[in-house]
Amino acid sequence: LIPEAYALELRQLQDAVPPFSNLEAREVLRRELGVRDLSEVFLALSEKPVASASIGQVYRGTLLDGRDVAVKVQRPRVLGDIALDLYILRLITPLQVRISNAVNKIPTDDSDIQVALDLVDEWGRGFVAEVDYREEARKQVEFTEAMARRGLNAVTAPTVINEYCSSKVLVTGWVEGTRLDRDGGADVPRLCGVAINAYLTMLLDTGTLHCDPHPGNLLRTRDGRLCVLDWGMTLDVPNDLQYGLLEFIAHVNSEDYDAIPADFVNLGFTPPDKLEQVKSSGITEGLSFSLKQLSQGGGPKQIQARVKEEFKQRYGADLSDEELRDKARAEMLQRMEDQLASEGVDVNGMTSVMEEMSRRNKELFQLPPYVLYVSRAFSTLEGIGLSIDEDYSILQECYPYLAKRLITDNSPRAKSALRSMLYGPQGDQTDSVDSLFGAPLDAKSSSGVAAAAAGVAAAGSSG
């Protein structure tokens, strides 16, 4: 989304938040633990924090019984700081929206500003939720137990020491490991797969998604497992949304793009009363192009190169980059005009067309708050994957889990999604999973069956 040089600087800022006073941190510890001297709890405690973040900072310590622990202490007055930040963001957001729209030559209405404010409020909700470390401890324990029940022993979280936890102090077992993006081990690509499997399990099965998987929160432990740190920011994923996401991914995999407008409704992107308009809007063609590019992997650089090559084949190999962009814009404008003309809309010139399409998109599409967290989590995982393998495709990485998830779920919606993944629009003509694997394949369904076969193998190995 931003140039690589800026991304690297922002990553350094993310990894190096200035710590607060050690004296204040120890005072918080004494008060929250109910002791006059920390030697009543710790044999040793590091003088300086080993890590620092926006909400708190972490010290390394040793309990009286000899256990090595990580001690997270919340910043004093952090709730007031969050409130002030959100207040300032809410003040400047309307101006930011107007400037952004003006740059893109799009008129601004009240709904644009409200959408942006809703996103700020949702971020605020997430940050405020991080302030209670007891909730973080609970979600950390639930994650570990949920992964163990599902036989996913390659992923874990630090052990919570409940007797020393409060709303402002979190004590967990110390984990020896290295950041996943900095580890040179031969099994790091495998652990990237483990990470994707774990996050899909959270999103589509357990219903609690860890929303902050930046590289500092994903460790390769000494015994070769993946440890997920920092459970302050999570998203609750209701059952209906889980099935909506399963159906959407299945339709993407099988290239059943005609089914996607209904998926948009189920996922909260499109109001139910706008379904027919979305179907006739021609969006599936553009969406199919984008998703095909994404599924081939390689990240933004390779996608850009593939799009450029396709434009050269379509418009002429001897054209410059600027000429290719002009040709693409002209074709896009013509398609918009044709679409509007077919609906009896009289538009003349680019400004009118763009304004009409902008107005229409605002009516047909909205951004559900949960998208912020899901996109943040999986875009971070994709970045880690691309740092290891320049051809990495997060969509391809998801398919084996999706197949396993659908094969082991007997609900009607899961069965329907599995049929769609295997056979696309014709999948509903098949009555059972058993008959799916015995039916003849065509070229379009073969990738879906490959994914399903991988899912069957994964289901068998995890059992």
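The values are calculated or read from the model by the stated rules, or taken from the named source; none is laboratory data. Note that the structure is predicted; figures quoted are calculated from it, not measured. Quick reminder, even Gly has a Cβ in these numbers, built from the backbone with ideal geometry, and neighbours come from all protein chains shown. Keep in mind that these areas ignore ligands, DNA and RNA; they rest on the heavy atoms of the full protein, side chains included. Shrake-Rupley method; radii C 1.70, N 1.55, O 1.52, S 1.80 Å.
Surface composition of the stretch 126-239: carbon and sulfur make up 49 percent of the accessible area, probe 1.4 Å.
Excluding ligands, DNA and RNA, the accessible surface per residue across the stretch 11-117 is 62 Å² with a 1.4 Å probe. Close amide H contacts of Gly56 (hydrogens built in the peptide plane, cut-off under 5 Å, sequence separation of 5 or more or a different chain): Arg75. Heavy-atom accessible surface of the stretch 179-259, averaged per residue, reaches 32 Å², computed with a 1.4 Å probe.
Share of pairwise Cα-Cα distances greater than 22 Å in the stretch 191-343 is 61 percent (whole percent). In a fully extended conformation the segment linking Leu367 and Leu117 would gain 88.8 nm over its present Cα-Cα distance, using 0.36 nm per residue.
With only the Cα atoms considered, the stretch 69-114 has a convex hull volume of 109 Å³ per residue. Ligands, DNA and RNA left out, the 1.4 Å accessible surface of the stretch 45-110 is 61% carbon and sulfur atoms.
Within the full protein context, the accessible area of Arg179 is estimated at about 40 Å² for a probe radius of 1.4 Å. Taking θ as phi - 60° and the Karplus parameters 6.51, -1.76 and 1.60, the scalar couplings of the stretch 392-403 work out to 4, 10, 5, 5, 4, 5, 7, 4, x, 5, 4, 4 Hz in sequence order, x denoting glycine and proline. Placing +1 on the Cβ of every Lys and Arg and -1 on the Cβ of every Asp and Glu, with no other charges, gives the stretch 125-183 a dipole of roughly 140 debye about its Cα centre. Our coupling estimate for the stretch 120-135, obtained by passing each phi through the Karplus curve with A = 6.51, B = -1.76, C = 1.60 and θ = phi - 60°, is 4, 5, 5, 4, x, 4, x, 5, 5, 4, 5, 6, 8, 5, 5, 5 Hz, Gly and Pro reported as x. Pair-distance distribution P(r) for the stretch 359-430, from all Cα-Cα distances in 5 Å bins starting at 0: 3, 13, 14, 13, 15, 20, 15, 6, 1 percent.
Charge dipole (Cα centre; +1 on Lys/Arg Cβ, -1 on Asp/Glu Cβ; no other charges) of the stretch 42-90 amounts to roughly 100 debye. Its Kirkwood hydrodynamic radius, worked out from the mean inverse distance over all distinct Cα pairs, puts the stretch 121-274 at 17.2 Å. When peptides 157-165, 189-197 are sorted by average Cβ neighbour count within 10 Å, with the highest value leading, the order is 189-197, 157-165. The simple spin-label model puts a point 7 Å past each Cα toward its Cβ; for Gln396 and Glu276 those points are separated by 4.2 nm. For the cross-link pairs Lys105/Lys301; Lys274/Lys415; Lys105/Lys308, which exceed 31 Å when the distance is taken from alpha carbon to alpha carbon? Listed pairs above 31 Å: none. Listed by chain and number, the lysines whose alpha-carbon sits under 20 Å from that of Lys139, ignoring those within fewer than 8 places in the same chain, are Lys72, Lys168. Projecting label points 7 angstrom from Cα along Cα→Cβ for Lys48 and Lys301 puts them 3.5 nm apart. Peptide packing: for 239-248, 57-66, the average count of neighbouring Cβ atoms within 10 Å per residue gives the ranking 239-248, 57-66, highest mean first.
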